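Encoded as structure tokens, the structure appears first; notes follow it.
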Amino acid sequence: MKHILGISAGFHDAAATVINSDGEIVFAGHSERYSKIKNDPTVSPELLNELCEWNYDTIAFYERPWVHNIQQIYSGQQHFGPWTTRGVLKQHLGSWYQTPARCEISFNHHLSHAAAGFQTSPYDSAAVVVIDAIGELDTISIYRARYDSKGKAKYKRVWRQRYPHSIGLFYSAMTDRVGLRPMDEEYITMGMAAWGKDSWYQTLSNFVVKDYHDIKLRENFHIGVPPTLLEAASNEDIACASQLVVEDLIISVMKKAKELTGETNLVYMGGVALNCLANRNLGDIYENIWIMPNPGDAGSSLGAAALAHGHRVNWRNPYLGHDIPGPYPVVELMDKLLTEQIVGVASGRAEFGPRALGNRSLLADPRGSKIKDRVNEIKRRQKFRPFAPVILEECVNDYFEMPNGYTASPYMQVVARCRHPDHFPAIIHVDGTSRVQTVSKDCGSGIRKLLEAWYVETGCPMLLNTSLNIRGEPMVNNRADADRFEQKYGVKVCS
């Protein structure tokens, strides 16, 4: 059987995806999980070793090298890479690339994002919105996507915005402004926003936005913001104002996409699609929403492979990475949860995407008043940050007020207000919401059986779920990583 290899690399969080000729995703993994370097932009040798199992007819790269170099020149950056697809593949794949594939191809950056979303979605047609920091020269793209009579995916771009007008770069600049790492810790800025007041929103909006309708900004936020901006405001208030401005900008894009495409189905991709607080508003505009659980650049390795494949890709679940074989350790996990209240799990195939969804997770009882602090001590992270609940899908409406457009949230992509916050203090944020993960019967992970057993034993259909990782490192990938986690933090990790 022929295989297509999709590669994203060179900027941050390199990744690889393998699709066969039947449209099955046989592997998708992040380089950082192998190298242990968070957001590793290079394709690690350990990841390349994982890719040796298949022979490749086609290798697809997620952006066009020559346009990427033009973008670097235009934005004043100094590093320039190869100008050809073959050159960039040689650069990133090294000696592994001794025998080139029959077909080597590269695609537009935003089109790779779009394909990773649309060709894994359940829709026959959709409005596809891509919002990121910068992809080649584009920062926002709107497509109308459909399949033709032969099942070939077709994309018509109906609108775009270009550098330097960038929602993603603005949010990264404000992440830096509040003392966090840009292009990495934007999710912390999002969590911090709930602790702030909106009193600086209008001031920031006036400073940032020139035109909400056409998404034109007053400054080039690639170079950051003046240190004197909002100097009287607290970091929490700055985060709150930044979040509100971003939400207004995103809604403007979504309304424009609805007007231009007439579609009721939304596919949303790009790094900004990870802002689950903003995502709660999307159902006010669209009837159906699909955000592939790896919407950033790493997920575009899948997008490039999907474009080379040309047709719908068979999306089953996000458990596509390195495999730790064996049955999901439900009995052992239950024993630790009932006696120690906190336990790790590293079982089955690793999640493709930035969020732990049950196969590389640190799990805990969400009901204890001291559980949140205990988990924060293990994770060595800021105490203001929230933890997420993982819950049986059929129980979610009894415990959470899901926003419009979301009957479920299998990939932890939206926040919902908890109906009984006093009962579950470990997973409730200061604003009364939670970033919910729902688990269906066919989710693809043993976390379903664990939740069922937990529900029978305790009457509680949910657990606290956070990523299993050593501070400063990516999520645990293999059993050796799990052993190091046990040794460092004294928490049992079951496989």
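The values are calculated or read from the model by the stated rules, or taken from the named source; none is laboratory data. Here the structure is a predicted model, which is why all the values come from computation and not from measurement. Quick reminder, even Gly has a Cβ in these numbers, built from the backbone with ideal geometry, and neighbours come from all protein chains shown.
For this structure, a couple of remarks:
- Verdict on ILE70 being assigned to a strand (DSSP E or B), touching a residue at least 12 places away in the same chain (Cβ under 8 Å) and at negative phi: no
- Test: ALA356 is part of a strand (DSSP E or B), within 25 Å of GLU24 (Cβ to Cβ) and not assigned by TED's automatic domain parsing to the domain that holds HIS12: no
- Of the residues making up segment 1-20, those that are in a strand (DSSP E or B) and either of a type outside the set (S, T, N, Q) or surrounded by fewer than 24 Cβ atoms within 10 Å (Cβ to Cβ) (or both) number 10.
- Selection within segment 316-361 - buried (at least 24 other Cβ atoms within 10 Å of the Cβ) and among the aromatic types (Phe, Trp, Tyr): PHE352
- Residues within segment 202-255 that are closer than 27 Å to ASP138 by Cα, touching a helix residue (DSSP H, G or I) at 6+ places or on another chain (Cβ under 9 Å) and among the small types (Gly, Ala, Ser), tallied: 5
- Selected residue (criterion: farthest from PRO410 (Cα to Cα)) from residues of segment 310-335 that are hydrophobic (A, V, I, L, M, F, W, C) and assigned to a strand (DSSP E or B): ILE324
- Of the residues examined, ALA416 is one that is under 21 Å from MET292 (Cβ atoms), assigned by TED's automatic domain parsing to the domain that holds SER369 and either touching a residue at least 40 places away in the same chain (Cβ under 8 Å) or crowded, with 22+ Cβ neighbours inside 10 Å (or both).
- Within segment 263-278, the set of residues being over 21 Å from SER112 (Cα atoms) and touching a strand residue (DSSP E or B) at 6+ places or on another chain (Cβ under 8 Å) comprises THR264, CYS276, LEU277.
- Check on ILE59, out of contact with any His (no Cβ under 6 Å at 6 or more places or on another chain) and surrounded by fewer than 21 Cβ atoms within 10 Å (Cβ to Cβ): no
- Yes/no for THR433 being hydroxyl-bearing (Ser, Thr, Tyr), buried (at least 21 other Cβ atoms within 10 Å of the Cβ) and at pLDDT 95 or above: yes
- Among (1) in contact with a Ser or Thr (Cβ under 7 Å, 6 or more places away or on another chain); (2) without any contact (Cβ under 8 Å) to a residue 40 or more places away in the chain - the single one ASP335 does not satisfy: (1)
- Entry remark, segment 462-495: residues being in contact (Cβ under 8 Å) with a residue 12 or more places away in the chain and out of contact with any helix residue (DSSP H, G or I) (no Cβ under 9 Å at 6 or more places or on another chain) number 7 in total.
- The single condition from (1) surrounded by fewer than 24 Cβ atoms within 10 Å (Cβ to Cβ); (2) at pLDDT 95 or above; (3) of a type outside the set (Lys, Arg); (4) farther than 18 Å from GLU63 by Cβ that ALA126 fails is (1).
- Number of positions in segment 81-139 that are assigned to a helix (DSSP H, G or I) and aliphatic (A, V, I, L, M): 7
- Residue, farthest from GLU401 (Cα to Cα), within segment 434-462, restricted to residues that are hydroxyl-bearing (Ser, Thr, Tyr) and out of contact with any Cys (no Cβ under 7 Å at 6 or more places or on another chain): SER445
- From the options ARG177, ARG181, ARG218, residue that is crowded, with 19+ Cβ neighbours inside 10 Å and more than 18 Å from ILE131 (Cβ to Cβ): ARG177
- Any hit, segment 237-259, residues being of a type in the set (Asp, Glu), under 20 Å from the mean Cα position of the chain (by Cα) and outside any loop (DSSP other than H, G, I, E, B): yes
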